[in-house]
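Below is one structure, written out as structure tokens; the observations come after it.
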Amino acid sequence: MKRQHIRKGILIFSLLLLPVTMFYLSPMLIMQGAKQGKVTPALVFIFLLFAGTFFLGRVFCSWVCPAGALQEMLFAVNNKPAGRGKAIRIKYYIWALWVVALLITIWKAGGFSSVDLFFRTSFGVSLTDPSGYLVYYGAMMFIFGLSLWLGRRSFCQYVCILTPFMVISRLWSQKLKTPRFHLEAETEKCINCRICNNNCPMSLDVNAMVQEGNMEDHDCILCGACVDSCPKKVISMKMS
């Protein structure tokens, strides 16, 4: 379980840095920059995230994402599995609307004319710009409330606009059969204890994945919780 302690420590550190980094991650600032024909740091981040996911899967979600940190801290309050029904499609609808709006904004601006890697990021959440506090605390309260209401990593499941980018990248990686970070399972060793299910922060039916011999799932964030909790060491993480 040492890996999980390290992972959660990094997540907490990332959450503490959020007042500084949030504007480097903001889809709203991508849109504002696009109106001025500027490539913003958040847009660069999405491209890097897409490229990284192609080889490493969604490790950003499990090791770095500050929203993930807040949600996992709330497991102590509400650790029920989030629903896996049709509602998880909501994030794709949100993403599609945002992408269409962004493309229209870029078109109206006549395309990108410059790169500004410090676009509105000079102060982070600062007293010089109180509106930053509204964005910061508004986002935190939304994630907080959703997690308390719907359970484990429900923001990731239903709302996160970054998820579709990573899912698309992962699908391309699978299609092209490139070396990638992934889970593997030795089905014959499984005793169906379902401890993996209880420890999955994304509420996946890991046991069913093991029985089917298919460890790929769009919502798997490769946190390794199932690997580290399995008493028979059925599941492993590999790069191949």
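Is at least one residue of the range 188-195 within 25 Å of residue 54 (Cα to Cα), open to solvent by less than 60 Å² (accessible area, probe 1.4 Å) and in contact with a helix residue (DSSP H, G or I) (Cβ under 9 Å, 6 or more places away or on another chain)?
Applying the first criterion (within 25 Å of residue 54 (Cα to Cα)) to the range 188-195 yields none.
No, the range 188-195 contains no residue that is within 25 Å of residue 54 (Cα to Cα), open to solvent by less than 60 Å² (accessible area, probe 1.4 Å) and in contact with a helix residue (DSSP H, G or I) (Cβ under 9 Å, 6 or more places away or on another chain).
Within the range 97-113, work out how many residues are in contact (Cβ under 8 Å) with a residue 24 or more places away in the chain and within 19 Å of the chain's Cα centre (by Cα).
1
Just one of the numbered conditions (1) assigned to a helix (DSSP H, G or I); (2) at pLDDT below 95; (3) open to solvent by 80 Å² or more (accessible area, probe 1.4 Å); (4) not small (Gly, Ala, Ser) is not true of residue 135; which one?
If we test residue 135 against (1) assigned to a helix (DSSP H, G or I); (2) at pLDDT below 95; (3) open to solvent by 80 Å² or more (accessible area, probe 1.4 Å); (4) not small (Gly, Ala, Ser), just (3) comes out false.
Looking at 56, 70, 74, can you tell me which residue is of a type in the set (A, V, I, L, M), under 22 Å from residue 201 (Cα atoms) and open to solvent by less than 20 Å² (accessible area, probe 1.4 Å)? Even if it seems obvious, please write down each step before you answer.
Working: 56 fails: open to solvent by less than 20 Å² (accessible area, probe 1.4 Å); 70 fails: open to solvent by less than 20 Å² (accessible area, probe 1.4 Å).
Result: 74 is the single residue among 56, 70, 74 that is of a type in the set (A, V, I, L, M), under 22 Å from residue 201 (Cα atoms) and open to solvent by less than 20 Å² (accessible area, probe 1.4 Å).
Please work out if residue 99 is modelled with pLDDT of 95 or more, part of a helix (DSSP H, G or I) and loosely packed, with under 15 Cβ neighbours inside 10 Å. Spell out the reasoning first.
Working: modelled with pLDDT of 95 or more: yes; part of a helix (DSSP H, G or I): yes; loosely packed, with under 15 Cβ neighbours inside 10 Å: yes.
The answer is yes for residue 99.
With a cut-off of at least 2 residues that are open to solvent by less than 50 Å² (accessible area, probe 1.4 Å) and at pLDDT 95 or above, name the helices (runs of 4 or more DSSP H) lying wholly within the range 1-50. Steps first, answer last, please.
Numbers: elements: 2-16, 18-21, 27-35.
It comes to 2-16.
Those residues that are among the β-branched types (Val, Ile, Thr), out of contact with any helix residue (DSSP H, G or I) (no Cβ under 7 Å at 6 or more places or on another chain) and within 23 Å of residue 154 (Cβ to Cβ), I need them from the range 79-117; list them, please.
Hits for the range 79-117 are 94, 99.
Test residue 104 against the stated conditions and say whether it is at pLDDT 95 or above and part of a helix (DSSP H, G or I).
Taking the combined requirement at face value, the residue satisfies it.
For the range 151-162, which residues satisfy the criterion of being within 14 Å of residue 201 (Cβ to Cβ) and either of a type in the set (Asp, Glu) or not in a loop (DSSP other than H, G, I, E, B) (or both)? I'd like the intermediate steps shown before the answer.
The first filter runs over the range 151-162 and keeps only residues within 14 Å of residue 201 (Cβ to Cβ), leaving 151-157, 160.
Residues satisfying the conditions are 154, 155, 156, 157.
Restricting the search to the range 138-150, which residues are open to solvent by 60 Å² or more (accessible area, probe 1.4 Å), of a type outside the set (A, V, I, L, M) and over 20 Å from residue 204 (Cα atoms)? Break it down stepwise before answering.
Start the filter on the range 138-150 by keeping residues that are open to solvent by 60 Å² or more (accessible area, probe 1.4 Å), which leaves 141-142, 144, 148-149.
Still in the running and of a type outside the set (A, V, I, L, M): 142, 144, 149.
If the condition is that a residue be open to solvent by 60 Å² or more (accessible area, probe 1.4 Å), of a type outside the set (A, V, I, L, M) and over 20 Å from residue 204 (Cα atoms), then 142, 144 are the ones that fit.
Given the condition over 25 Å from residue 76 (Cα atoms), touching a residue at least 24 places away in the same chain (Cβ under 8 Å) and within 19 Å of the chain's Cα centre (by Cα), answer yes or no: does some residue in the range 218-229 qualify? Before the answer, list the steps.
Taking the range 218-229 and keeping what is over 25 Å from residue 76 (Cα atoms), we get 218.
Adding the requirement that they be touching a residue at least 24 places away in the same chain (Cβ under 8 Å) leaves 218.
Filter once more, so that each one left must be within 19 Å of the chain's Cα centre (by Cα): 218.
Yes.
If residue 175 satisfies every condition in (1) within 21 Å of residue 48 (Cα to Cα); (2) open to solvent by less than 30 Å² (accessible area, probe 1.4 Å); (3) outside any loop (DSSP other than H, G, I, E, B); (4) not acidic (Asp, Glu) but one, which is the exception?
Failed condition: (2).
Considering only residues of the range 198-219 that are outside any loop (DSSP other than H, G, I, E, B) and closer than 19 Å to residue 68 by Cβ, which is most open to solvent (accessible area, probe 1.4 Å)?
Taking the range 198-219 and keeping what is outside any loop (DSSP other than H, G, I, E, B), we get 198-199, 206-212.
When the remaining residues are screened for being closer than 19 Å to residue 68 by Cβ, the result is 198-199, 206.
Details: 198: 101, 199: 67, 206: 7 Å².
Among residues in the range 198-219 that are outside any loop (DSSP other than H, G, I, E, B) and closer than 19 Å to residue 68 by Cβ, the one most open to solvent (accessible area, probe 1.4 Å) is 198.
Mind checking which residues of the range 77-95 are open to solvent by 70 Å² or more (accessible area, probe 1.4 Å), farther than 13 Å from residue 162 by Cα and not in a loop (DSSP other than H, G, I, E, B)?
86, 89
The values are calculated or read from the model by the stated rules, or taken from the named source; none is laboratory data. Quick caveat, the model's predicted, so the values are computed rather than measured. Here the Cβ is made from the backbone with ideal geometry for all residues, glycine too, and neighbour counts use every protein chain on show. Surface areas here come from the heavy atoms of the whole protein model, side chains and all, with no ligands, DNA or RNA. Shrake-Rupley method; radii C 1.70, N 1.55, O 1.52, S 1.80 Å.
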